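The values are calculated or read from the model by the stated rules, or taken from the named source; none is laboratory data. A quick note: this is a predicted structure, and the numbers were derived from the prediction, not measured. Using ideal geometry, Cβ is built from the backbone for each residue, glycine included, and neighbour counts are taken over all protein chains shown. Accessible surface areas use protein heavy atoms only, side chains included; no ligands, DNA or RNA. Shrake-Rupley method; radii C 1.70, N 1.55, O 1.52, S 1.80 Å.
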Amino acid sequence: ESTKLLSRQLVAVCKAKGVKHIVISPGSRNAPLIIGFTNDPYFECYSIVDERCAAFFALGVSQQIKQLVALVCTSGSAMLNYFPAIAEAYYSDYPVVVLSADRPEHLLEIGDGQTIQQEGVYGKHILYEANCKEGKRFDSENLKQINKALNAAIEQSGPVHINLPFSEPLYETITQTPIVLELIPPENSISLDKITQAELKHWQSAKQILVLVGEIPPEAIDQTLLKRLIEDPRVLVMTETTSNLYHSSVVNAIDQLIAPLSQEEFEELRPDILLTFGGMIVSKKVKAFLRTYNPYAHWHVGPNSAYDIFFCLERHFKSSTNSWLEQLPDASTDSSEGYQTRWLKLRDYRRTAHKKYLQKLPFCDFKAYEAILESVPQNHMMQVSNSAAIRYTQLFELNAGLQVFCNRGTSGIDGSTSTAIGAAVGSGKPTLLLTGDLSFFYDSNALWNNYIPSNFRIILVNNAGGGIFRILPGDKNSDNFSTYFETKHSLNAKSYCDMYGFDYLHAASLDTLSEQLSGFYNNDSAPKLLEIKTPSELNDRYLLDYFDFVK
């Protein structure tokens, strides 16, 4: 192990608190940490060169194992490359700890190489920062700070930062020696914020209750409690693709239902109580609806943050969803046609129109997503990149039981592939990444990874640019649009697959796509990528016409 006591303390506390997965990027200043983690068989260590990819990989592992994952980097700009993933972890409630090596204090701001101001670098995007100091007199305080940081990540489920200065020499080792550890255990207490009598009375008197479910892990909501909630005719449940919640009496393609509504229909849909569970909401249309036609009360249930996204948040119940639902009374016995029935009938009409519209479409993004989503086996996990990929996915009724994830904390395209690979490694499940071209090429270093399972699959919908920008207002025929918004390109993924050992498949028509999908998920010795080339000019028109058609 390292001669550096600070490194030995840190490694020992991580082990004591069950931090098993360690993602390491190469460096010299972090040598004491690398020595400590890689020489203890308890730890599962991964070596990933690109720090941005490493951080999103760690986020994907954390997403699946629901435990704290550590990132180890050298000093200087290395830790800055973690920032996009740290921000995502902060807003998605994924526990990750950054362990950044640093120069000792006397070498800061004197022009020494690979040195920046590392203290406070993540600002408001972490739960806790521990700035350790080098020297025997700081041993006790360092240990206390390390405990506090790791506990914050475990208790509050989010990212923390521990900065660790090391003087040279950095590579010296000693035989294992016992160290005295003062461990502060995490509290791990689950609160139950109870419904007051006044709130219960409000719930019972409400005529229209809309439940909007954001991003939650699979099987997070007890099916018996969900069934009891849905049996109330006053309750309409809307779910997003990332809610992983399946039931025959929910609206699971929100935009499909509400996009064509008239002003009068929006008024009819306006709820007395809006109840939200889970994380970030994808649908811009439901946000616009609830901001314009404010619910009379918005309640959010969840142990972490509650966002006033509709500008009418009245109550945040700091509780698990299941514990909160257990407090509700049995469903109303009113047998008359209620709020729920009215909107489920319209949902069924929209679903029928959806199928009719797709039957008449030529090959395009929309048709490609239809074929893809019908092909995904039920035992797969699906990771979806941001922008067009997640928005198209939201328009479809998925196979029940499919597990779906997306980086919606900050909604960036920057680490979708890396997160998907980390999730595949963390879960051990066969995994599909459904991605667009800009997201894929932006994060192409994600494939520079020695841990990609052979059952990992990528489907890349390549429309030669940021097709989603064509849906937005503006002149689509100008050079400025194609260069600076759509960012047209002629890239393809074949050379990446050759370089990184992926089997490469290609489709540019519905017939070839169906043919390629037929054996795509079969077990093989290498991961696979299927690239689908779609025409970029008409995709936006087909999508905009869709909402008129389903009306």
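Checking MET381 against (1) open to solvent by 10 Å² or more (accessible area, probe 1.4 Å); (2) within 30 Å of VAL237 (Cα to Cα); (3) touching a residue at least 40 places away in the same chain (Cβ under 8 Å); (4) in contact with a Phe, Trp or Tyr (Cβ under 8 Å, 6 or more places away or on another chain), which single condition isn't satisfied?
So MET381 meets the others, but not (1).
Would you confirm whether any residue within the range 83-96 is out of contact with any strand residue (DSSP E or B) (no Cβ under 6 Å at 6 or more places or on another chain), surrounded by fewer than 17 Cβ atoms within 10 Å (Cβ to Cβ) and farther than 24 Å from LYS133 by Cα? Outline the logic, then answer.
Of the residues in the range 83-96, the ones out of contact with any strand residue (DSSP E or B) (no Cβ under 6 Å at 6 or more places or on another chain) are 83-85, 87-88, 91-95.
From what is left, the residues that are surrounded by fewer than 17 Cβ atoms within 10 Å (Cβ to Cβ) are none.
Looking for residues that are out of contact with any strand residue (DSSP E or B) (no Cβ under 6 Å at 6 or more places or on another chain), surrounded by fewer than 17 Cβ atoms within 10 Å (Cβ to Cβ) and farther than 24 Å from LYS133 by Cα, one finds none in the range 83-96, hence no.
Criterion first (outside any helix (DSSP H, G or I), touching a Lys or Arg at 6+ places or on another chain (Cβ under 6 Å) and buried (at least 21 other Cβ atoms within 10 Å of the Cβ)) does ALA130 satisfy it? Steps first, answer last, please.
On the way: outside any helix (DSSP H, G or I): yes; touching a Lys or Arg at 6+ places or on another chain (Cβ under 6 Å): no; buried (at least 21 other Cβ atoms within 10 Å of the Cβ): yes.
For ALA130, the condition - outside any helix (DSSP H, G or I), touching a Lys or Arg at 6+ places or on another chain (Cβ under 6 Å) and buried (at least 21 other Cβ atoms within 10 Å of the Cβ) - is not met.
Would you mind stating whether LEU358 is modelled with pLDDT of 95 or more and in contact with a helix residue (DSSP H, G or I) (Cβ under 6 Å, 6 or more places away or on another chain)? Even if it seems obvious, please write down each step before you answer.
Values: modelled with pLDDT of 95 or more: yes; in contact with a helix residue (DSSP H, G or I) (Cβ under 6 Å, 6 or more places away or on another chain): yes.
For LEU358, the condition - modelled with pLDDT of 95 or more and in contact with a helix residue (DSSP H, G or I) (Cβ under 6 Å, 6 or more places away or on another chain) - is met.
Which residues, taken from the range 259-285, are in contact with an Asp or Glu (Cβ under 6 Å, 6 or more places away or on another chain) and either basic (Lys, Arg) or part of a strand (DSSP E or B) (or both)?
Within the range 259-285, LYS285 is the sole residue that qualifies.
Which residue pairs have Cβ atoms closer than 6 Å, lie 6 or more positions apart in sequence or on different chains, and pair a first residue in the range 305-326 that is crowded, with 17+ Cβ neighbours inside 10 Å with a second residue that is among the acidic types (Asp, Glu)?
Sorted first by the residue in the range 305-326, then by its partner, the pairs are PHE317/ASP193; SER319/ASP193.
One line per residue, one yes/no per condition, for (1) of a type in the set (Asp, Glu); (2) farther than 30 Å from LYS287 by Cα:
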residue: ILE162; (1), (2): no, yes
residue: PRO169; (1), (2): no, yes
residue: THR175; (1), (2): no, yes
residue: GLN204; (1), (2): no, no
residue: LYS207; (1), (2): no, no
residue: GLU215; (1), (2): yes, no
residue: GLU231; (1), (2): yes, no
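Restricting the search to the range 287-311, which residues are closer than 20 Å to TYR91 by Cα and hydrophobic (A, V, I, L, M, F, W, C)?
TRP299, VAL301, ALA306, ILE309, PHE310, PHE311
Filter the range 208-232 for residues that are touching a Phe, Trp or Tyr at 6+ places or on another chain (Cβ under 7 Å) and open to solvent by 10 Å² or more (accessible area, probe 1.4 Å); which is farthest from CYS406 (Cα to Cα)?
GLN208
Every residue, every condition in (1) at pLDDT 95 or above; (2) part of a helix (DSSP H, G or I); (3) of a type in the set (D, E, K, R); (4) touching an Asp or Glu at 6+ places or on another chain (Cβ under 8 Å), yes or no:
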| site | (1), (2), (3), (4) |
| --- | --- |
| ALA54 | yes, yes, no, no |
| SER77 | no, yes, no, no |
| ILE86 | yes, yes, no, no |
| LEU99 | yes, no, no, no |
| GLY111 | no, no, no, no |
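So, in the range 363-378, how many residues would count as being open to solvent by 20 Å² or more (accessible area, probe 1.4 Å), assigned to a loop (DSSP other than H, G, I, E, B) and in contact (Cβ under 8 Å) with a residue 60 or more places away in the chain?
Number satisfying all stated conditions: 2.
Would you tally the residues in the range 399-421 being open to solvent by 30 Å² or more (accessible area, probe 1.4 Å), farther than 19 Å from PHE441 by Cβ, in contact with a strand residue (DSSP E or B) (Cβ under 9 Å, 6 or more places away or on another chain) and part of a loop (DSSP other than H, G, I, E, B)?
Going through the range 399-421 one residue at a time, the tally reaches 0.
Tell me which residues, restricted to the range 454-472, are modelled with pLDDT of 95 or more and open to solvent by 30 Å² or more (accessible area, probe 1.4 Å).
If the condition is that a residue be modelled with pLDDT of 95 or more and open to solvent by 30 Å² or more (accessible area, probe 1.4 Å), then SER454, ASN455 are the ones that fit.
Among the residues of the range 24-47 satisfying the criterion of being closer than 16 Å to VAL69 by Cα and in contact (Cβ under 8 Å) with a residue 60 or more places away in the chain, which is most open to solvent (accessible area, probe 1.4 Å)?
If we take residues in the range 24-47 being closer than 16 Å to VAL69 by Cα and in contact (Cβ under 8 Å) with a residue 60 or more places away in the chain, then SER47 is most open to solvent (accessible area, probe 1.4 Å).
Counting just the residues of the range 155-169 that are open to solvent by less than 10 Å² (accessible area, probe 1.4 Å) and not in a strand (DSSP E or B), which one comes out nearest to GLY135 (Cα to Cα)?
PHE166
Residue under question is VAL23, and the condition is that it be closer than 26 Å to PHE138 by Cα and modelled with pLDDT of 95 or more; does it hold?
Working: closer than 26 Å to PHE138 by Cα: no; modelled with pLDDT of 95 or more: yes.
So VAL23 does not fit the description; no.
Can you tell me which residue in the range 495-531 is least open to solvent (accessible area, probe 1.4 Å), limited to those that are without any contact (Cβ under 8 Å) to a residue 60 or more places away in the chain and among the acidic types (Asp, Glu)?
ASP503
Taking the range 247-258, which residues are part of a helix (DSSP H, G or I), touching a residue at least 40 places away in the same chain (Cβ under 8 Å) and in contact with a strand residue (DSSP E or B) (Cβ under 9 Å, 6 or more places away or on another chain)?
Result: ILE254, LEU257.
Would you be able to say whether some residue in the range 336-351 is free of Cβ contacts under 8 Å to residues at least 40 places away in the same chain and open to solvent by less than 40 Å² (accessible area, probe 1.4 Å)?
No; the residues of the range 336-351 include none that is free of Cβ contacts under 8 Å to residues at least 40 places away in the same chain and open to solvent by less than 40 Å² (accessible area, probe 1.4 Å).
Could you give every pair whose Cβ atoms fall below 6 Å, whose first residue belongs to the range 265-283 and is closer than 13 Å to LEU212 by Cα and modelled with pLDDT under 95, and whose second residue is among the β-branched types (Val, Ile, Thr) and assigned to a loop (DSSP other than H, G, I, E, B), counting only separations of at least 6 or pairs across chains?
Sorted first by the residue in the range 265-283, then by its partner, the pairs are GLY278/ILE216.
Return a yes/no flag: does the range 135-142 have any residue that is in a helix (DSSP H, G or I) and open to solvent by less than 10 Å² (accessible area, probe 1.4 Å). Working first, answer last.
Step one: filter the range 135-142 for residues in a helix (DSSP H, G or I), giving 136-142.
Within this subset, residues satisfying the condition of being open to solvent by less than 10 Å² (accessible area, probe 1.4 Å) are 142.
Looking for residues that are in a helix (DSSP H, G or I) and open to solvent by less than 10 Å² (accessible area, probe 1.4 Å), one finds at least one in the range 135-142, hence yes.
With GLU370, GLU337 as the choices, which residue is modelled with pLDDT under 95 and among the acidic types (Asp, Glu)? Full working, then the answer.
Details: GLU370 fails: modelled with pLDDT under 95.
After applying the criteria, what remains is GLU337.
Would you mind telling me which numbered condition in (1) open to solvent by 40 Å² or more (accessible area, probe 1.4 Å); (2) over 19 Å from ILE372 (Cβ atoms); (3) of a type outside the set (Gly, Ala, Ser); (4) not in a loop (DSSP other than H, G, I, E, B) PHE547 fails?
It fails just one condition, (1).
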